[in-house]
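> Take a look at the following structure, please.
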Amino acid sequence: MRKLIGIVLALTLAFTSVAISTAQEGLTICFGFQDLETEFWVAGHRAITQTLRDQGVEVLEFNANEDPNRQLEQVRDCIAEGVDGIIIIPQDGDSAVTIVNEAQDADTPIAVFNRPPNDRERGIIVVADNEIITEQAVEFMAQKALRQYEITQEPITPLILVGALQDTNAIGRRDGFFNVIARYNERYPGMFKEPIEVATEWDAATALANLEAAITANPDVDFIFTSSDFLFPTIRSVLEPRGMWAPTGDPNHVIMGGLDGDATACMLIDQGYVDATGVQDLFLEAELTLSGILDAIEAGDYQPNAVLPDPGFALTAANIQYQRSDMWGCVLYDEGFLDN
């Protein structure tokens, strides 16, 4: 809880509200989310709720605590209350389809923030291009690995911590990772060994147990990508006792990257432990979500349909001095969030 409060305080200091076009006083928006277990979700929640309330919108908040059935019931309650619109962060892509369909069938505009339904035909869907963003981060890592391979002629042993594969975000990140590995092995046959996959289910305890087992069985791992930055502390807890947690330039350095763009990732890139992270432009996504739902309400469009993409980018050890202010996690870090 203290960590979550720290994020909120840092965001209050660091950011003004996301810009949206017109005041929307008198409206009521239902905001349902699956939980606030990572920095990304807390920051997104803060950007959305603060901006709406600053515009005079009443926000009804519902935390489903990672229970998709509970979230569905909460959305049904919102529909029954006659809210003007709904924003959700769903538990997974399957449950999101059901929720979006129920809202639209009841002529209630709905927007989905960041975690898209498996069927994107209905609703306002705001989503990062997870596959491309992952490719950008892993490409930088692979370039470092290639230099290492050219010097040592020893193949690289890659490992990926995979998210819950019922989440389309996790699938896109896994695909992006494997795309880069395949391209490099095509150009430089034998550069990468067969990648090791570690299931996490977006859960730190699951990730810890599975990563411990994977590193014990494969102590030569020297290239790790985590599908979410929130697992970097878990990775450190496994690598550090084995002498594998070392900054770039150290012969024990494991080439490392992730995706999200949180404050910990920013700090670790500064310190040299992490080489790259794919960044979701959280505040662009919040702006797209709010503009989409409020414009639909204003236009009387009760069943709006649009996919609004976030192209994202990779923050790396090479560009951090130029692009750190573009990454939401670096803004938190530079505001002292990790000191809380």
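We did not get these values from a lab; they are worked out from the coordinates using the rules stated. Please read all numbers here as calculations on a predicted model, not as lab measurements. No Cβ is skipped: glycine too gets one built from the backbone with ideal geometry, and neighbour counts run over all protein chains shown.
> Express the C-alpha Rg of the range 204-282 as a ratio against the empirical globular expectation 2.2 N^0.38 Å, rounded to two decimals. Mind dumping the intermediate values first?
Details: Rg = 12.0 Å, N = 79, 2.2 N^0.38 = 11.6 Å.
Normalised Cα radius of gyration, the range 204-282: 1.03.
> Quick one: dipole size for the range 209-281, taken about the Cα centre, charges +1 on Lys/Arg Cβ and -1 on Asp/Glu Cβ, in debye to the nearest 20.
Values: 2 positive and 11 negative charges, 42 e Å.
It comes to approximately 200 debye.
> Helix 282-299: angle to the longest alpha-carbon principal axis of the chain, degrees 0 to 90, nearest 10?
Between the helix axis and the principal axis of the chain, the angle is about 20 degrees.
> Would you pull out the residues with amide H under 5 Å of Ile125's amide H, same chain only if 5 or more places away, H placed 1.01 Å from N?
Val112, Ala306, Val307, Leu308
> Another question, then. Expressed as a fraction of 2.2 N^0.38 Å, the rule-of-thumb size for a compact globular protein of N residues, what is the C-alpha radius of gyration of the range 153-200? Display every interim value, and only then the final one.
Numbers: Rg = 11.8 Å, N = 48, 2.2 N^0.38 = 9.6 Å.
Normalised Cα radius of gyration, the range 153-200: 1.23.
> Let me ask another. Which of the peptides 161-174, 85-98, 184-197 is most tightly packed, and how do the rest follow, going by the mean number of other Cβ atoms within 10 Å of each residue? Display every interim value, and only then the final one.
Details: 161-174: 21.8, 85-98: 23.6, 184-197: 15.0.
Put in order of decreasing packing, that is 85-98, 161-174, 184-197.
> Could you check the simple spin-label distance between Asn69 and Glu154, using points 7 Å along Cα→Cβ, in nm with one decimal?
5.2 nm
> Sort 233-239, 331-337 for me by packing, meaning the mean count of neighbouring Cβ atoms within 10 Å per residue, highest on top.
Ranking, from highest mean packing down: 331-337, 233-239.
> When you take every Cα atom in the chain, what is the radius of gyration, and what is Dmax, the widest Cα pair distance, in Å?
Answer for the chain, Rg first and Dmax second: 20.6, 66 Å.
> Return the tail of the calculated pair distribution for the range 199-340, meaning the percent of Cα-Cα pairs more than 25 Å apart.
On the way: 3871 of 10011 pairs.
So the pairs more than 25 Å apart make up 39 percent of the total in the range 199-340.
> Okay, moving on. Give me the angle, in degrees from 0 to 90, between the Cα long axis of helix 168-187 and the longest principal axis of the Cα atoms of the chain, rounded to the nearest 10.
Value to nearest ten degrees: 30.
> A follow-up question, please. Please compute the length gained on full extension between Ala80 and Arg236, using 0.36 nm multiplied by the number of residues separating them and subtracting their Cα-Cα distance. Mind showing how you got there, number by number?
On the way: separation 156, 0.36 × 156 = 56.16 nm, distance 4.70 nm.
Length gained between Ala80 and Arg236: 51.5 nm.
> Taking the radius of gyration and the Kirkwood hydrodynamic radius from Cα positions alone, what is the Rg/Rh ratio for the range 256-340, to two decimal places? Mind dumping the intermediate values first?
On the way: Rg = 16.1 Å, Rh = 14.2 Å.
In the range 256-340, Rg relative to Rh is 1.14.
> Further question on the same structure: Along the charge dipole of the chain, Cβ charges K/R +1 and D/E -1, which of Phe113, Ile87, Val75 sits furthest on the positive end?
Phe113
> Now for a separate question. Could you run the Karplus curve 6.51 cos²θ - 1.76 cosθ + 1.60 with θ = phi - 60° over the range 134-140 and give me ³J(HN,Hα) per residue in whole Hz, x for Gly and Pro?
Karplus-based 3J(HN,Hα) across the range 134-140 equals 4, 4, 5, 5, 5, 4, 5 Hz.
> Points 7 angstrom from Cα along the Cβ direction at Leu165 and Asp326: gap in nanometres?
3.3 nm
> So what J values fall out for the range 225-241 if you push phi through Karplus, 6.51 cos²θ - 1.76 cosθ + 1.60 with θ = phi - 60°, rounded to Hz, Gly and Pro as x?
Ordered by residue, 3J(HN,Hα) equals 10, 9, 5, 8, 4, 5, 8, 4, x, 5, 4, 4, 5, 8, 7, 4, x Hz.
> How large is the charge dipole for the range 127-171, taken about the Cα centre, if only the Cβ atoms of Lys, Arg (+1) and Asp, Glu (-1) carry charge, to the nearest 20 debye?
Working: 2 positive and 7 negative charges, 37 e Å.
Computed charge dipole of the range 127-171: roughly 180 debye.
> Name the long-range amide H neighbours of Gly85: under 5 Å, sequence gap of 5 or more, or other chain; modelled H, no Pro or chain starts.
Long-range HN contacts for Gly85: Thr28, Cys30.
> Another one. Rounded if a/c is under 1.5, else prolate if a/b is larger than b/c, else oblate: which is the range 52-175, with a ≥ b ≥ c the root eigenvalues of its Cα gyration tensor?
Details: a/c = 3.34, a/b = 2.76, b/c = 1.21.
Because a/c hits 1.5 or more and a/b exceeds b/c, the range 52-175 counts as prolate.
> Kindly work out what percent of the DSSP beta bridges joining two residues of the chain are antiparallel, to the nearest 5.
Numbers: 4 of 43 bridges.
In the chain, DSSP labels about 10 percent of beta bridges as antiparallel.
> What does the charge dipole of the range 101-204 about its Cα centre add up to, to the nearest 20 debye, if the Cβ of each Lys and Arg holds +1 and the Cβ of each Asp and Glu holds -1? Mind dumping the intermediate values first?
Numbers: 10 positive and 18 negative charges, 105 e Å.
The dipole magnitude comes to about 500 debye.
> Given the Cα-Cα distance of Glu194 and Asp301 and 0.36 nm per residue of separation, how much length would full extension add, in nm?
Numbers: separation 107, 0.36 × 107 = 38.52 nm, distance 4.96 nm.
Roughly 33.6 nm would be gained on extension.
> A follow-up question, please. Only Cα pairs under 8 Å and at least 6 apart count here; give the relative contact order of the range 21-108 as a rounded whole percent.
Values: 123 pairs, mean separation 33.3, N = 88.
In percent, rounded to a whole number, it is 38.
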